[in-house]
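Notes to accompany the following structure.
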Amino acid sequence: EFYQFYLSEHSKPMTRIFHFIGTLLVFAVIFYVLWSGKERFLWYIPIFGYGFAWFSHAVYEKNKPATFKSPLWSLISDFRMFFELLTGKLKFKS
């Protein structure tokens, strides 16, 4: 399953923390745009979503982001990891 590969590429706690923060900020931007109607802030989504993730791969994980290999499965897995971290099903430390 791709998700198991994805988790192996996100094994360090700081990588998971940075992904979590980036995804949380993506949701914050979406909710702000829906609440305020200011669509001009939508361009923050890829900056937060990819910026935090790619930084963590370069600095902590020292690997290429999974999004370069499988963009759609990587996006799905990122949201799955976010919600599993949020609910406690998955730990920040592997």
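The values are calculated or read from the model by the stated rules, or taken from the named source; none is laboratory data. Keep in mind the model is a prediction, meaning the values are calculated, not measured. Here the Cβ positions follow ideal geometry from the backbone for every residue, glycine too, while neighbour counts run over all protein chains shown. Ligands, DNA and RNA are excluded from the accessible area calculation, which covers all protein heavy atoms including side chains. Shrake-Rupley method; radii C 1.70, N 1.55, O 1.52, S 1.80 Å.
Surface composition of the chain: carbon and sulfur atoms hold 71% of the protein heavy-atom accessible area at a 1.4 Å probe. Among the listed pairs K69/K93; K69/K91; K12/K62; K12/K91, give every one whose C-alpha distance is greater than 21 Å. Violating the 21 Å Cα-Cα cut-off are K69/K93; K69/K91. For the chain, the per residue solvent-accessible surface stands at 64 Å², with DNA, RNA and ligands left out and a 1.4 Å probe. Positive contributions from Lys and Arg (+1) and negative ones from Asp and Glu (-1), summed over other residues with Cβ under 11 Å from the Cβ of K12, come out at +1. The GNM of the chain, with springs linking C-alpha atoms under 10 angstrom apart, assigns the highest mean-square fluctuation among S70, S11, S56 to S70.
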